[in-house]
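Participant: Below are the structure tokens for one structure; questions will follow.
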Amino acid sequence: MKTSLVLLFLTLPIVAISQESSNQLLVLGLTYSQMNYEEPGAMTEKGGNGGVQGEFFYGLGASWNVSVFGGYWDGRLFYDGATFSGTPVQTITRDYIADARLYLNANFSPFQISIGYGRRFWYNDMVISYRRRTEYNFVPIILKYTSGSIYYRVEYDIWAGGLNRSHMSDTGGGRTDVEFKQNSGTGFGGEVGWMFGSNPATIIFLNLHRWDVEASETGFDGVDLLVEPKNNTQTITLGIGLGF
């Protein structure tokens, strides 16, 4: 990711928020994530990459606020799998992931309860094979507990549908692109963070998250009847941010 893009992302919103009223809050951060994607018995993709994320809060009163969250990372993953014929394949992929969420937050100190709607998009280019685009739609439910400068957060994600678009035409041989509907899955995670200072406040956090997605509906690529296998994704993220 180009440094200039990161700086643009960070500085423009900071200038804008400095003139806002006290019922608004902007949190911006840099992240490093270690991701492990697995289709059991078939393939894995693993690797670590940097990213950016931000969340904007708008107060609705003493105990309620809404927030909009966005996160993005790109980079490389190490693919270890095989072709349709069983020939082993190892390669470095090109990837990016974007995560967007809208929350309604209720504050009952020291607890905060949040419910929202989220969408996760993963572009996965396996370079020597084919490209695929995967979308998850979900309803995140979060419970946060704050004690002094430390906070703890647990998350459960209710599945609201998914779609995998595999560009099988990239492989040739008369194959066409195919879409797989993903009807069942779940996500869960936890986070611990340390907040200190003011104007701006500094936040350091560690987040762990896991997706478990069941096998998709079948799809036909013009040659074979295919399915997106059962899979899981584990991510460990270390981040640092500023709150304004």
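The values are calculated or read from the model by the stated rules, or taken from the named source; none is laboratory data. Owing to the predicted nature of the structure, the values given are computational and were not obtained by experimental measurement. All Cβ positions, glycine included, derive from the backbone under ideal geometry; neighbour counts span all protein chains shown.
Participant: Under 21 Å from Val227 (Cβ atoms), in a strand (DSSP E or B), free of Cβ contacts under 8 Å to residues at least 60 places away in the same chain and among the basic types (Lys, Arg): does that describe Arg76?
Facilitator: no
Participant: Can you confirm whether segment 157-168 contains a residue that is over 28 Å from Gly50 (Cα atoms), surrounded by fewer than 19 Cβ atoms within 10 Å (Cβ to Cβ) and modelled with pLDDT of 95 or more?
Facilitator: Taking segment 157-168 and keeping what is over 28 Å from Gly50 (Cα atoms), we get 168.
Those still in the list that are surrounded by fewer than 19 Cβ atoms within 10 Å (Cβ to Cβ) too: none.
No, because not a single residue in segment 157-168 is over 28 Å from Gly50 (Cα atoms), surrounded by fewer than 19 Cβ atoms within 10 Å (Cβ to Cβ) and modelled with pLDDT of 95 or more.
Participant: Looking at segment 25-53, which of its residues are farther than 19 Å from Gln234 by Cβ and either in contact (Cβ under 8 Å) with a residue 60 or more places away in the chain or outside any strand (DSSP E or B) (or both)? Lay out the reasoning, then the answer.
Facilitator: First, the residues of segment 25-53 that are farther than 19 Å from Gln234 by Cβ: 25-30, 52.
The answer is Leu25, Leu26, Val27, Leu28, Gly29, Leu30.
Participant: Tell me which of these Trp194 doesn't satisfy, since it passes every other one: (1) in a strand (DSSP E or B); (2) over 30 Å from Ser147 (Cβ atoms).
Facilitator: Every condition holds for Trp194 apart from (2).
Participant: Select from segment 169-212 the residues that are basic (Lys, Arg) and over 22 Å from Val127 (Cβ atoms) and write down the one among them that is surrounded by the fewest Cβ atoms within 10 Å (Cβ to Cβ). It would help to see each step written out before you state the result.
Facilitator: Quick first cut of segment 169-212, residues basic (Lys, Arg) only: 175, 181, 210.
Among the residues that remain, those that are also over 22 Å from Val127 (Cβ atoms) are: 181, 210.
Details: Lys181: 13, Arg210: 15.
The qualifying residue surrounded by the fewest Cβ atoms within 10 Å (Cβ to Cβ) is Lys181.
Participant: Among the residues of segment 32-55, write down those that are over 20 Å from Val139 (Cβ atoms) and more than 13 Å from the chain's Cα centre (by Cα). Step through it out loud before you land on a result.
Facilitator: Step one: list which residues in segment 32-55 are over 20 Å from Val139 (Cβ atoms), which gives 32-52, 54.
The answer is Glu38, Glu39, Pro40, Gly41, Ala42, Met43, Thr44, Glu45, Lys46, Gly47, Gly48.
Participant: Ok, one more. Looking for whichever is touching a residue at least 40 places away in the same chain (Cβ under 8 Å) and within 26 Å of Lys230 (Cα to Cα) here; the options are Gly161, Gly185, Gly193. Which one fits?
Facilitator: Gly185
Participant: Can I ask one more? Restricting attention to segment 94-124, and to residues there that are surrounded by 18 or more Cβ atoms within 10 Å (Cβ to Cβ) and touching an Asp or Glu at 6+ places or on another chain (Cβ under 8 Å), which single residue is nearest to Gly162 (Cα to Cα)?
Facilitator: Checked segment 94-124; the qualifying residue nearest to Gly162 (Cα to Cα) is Arg120.
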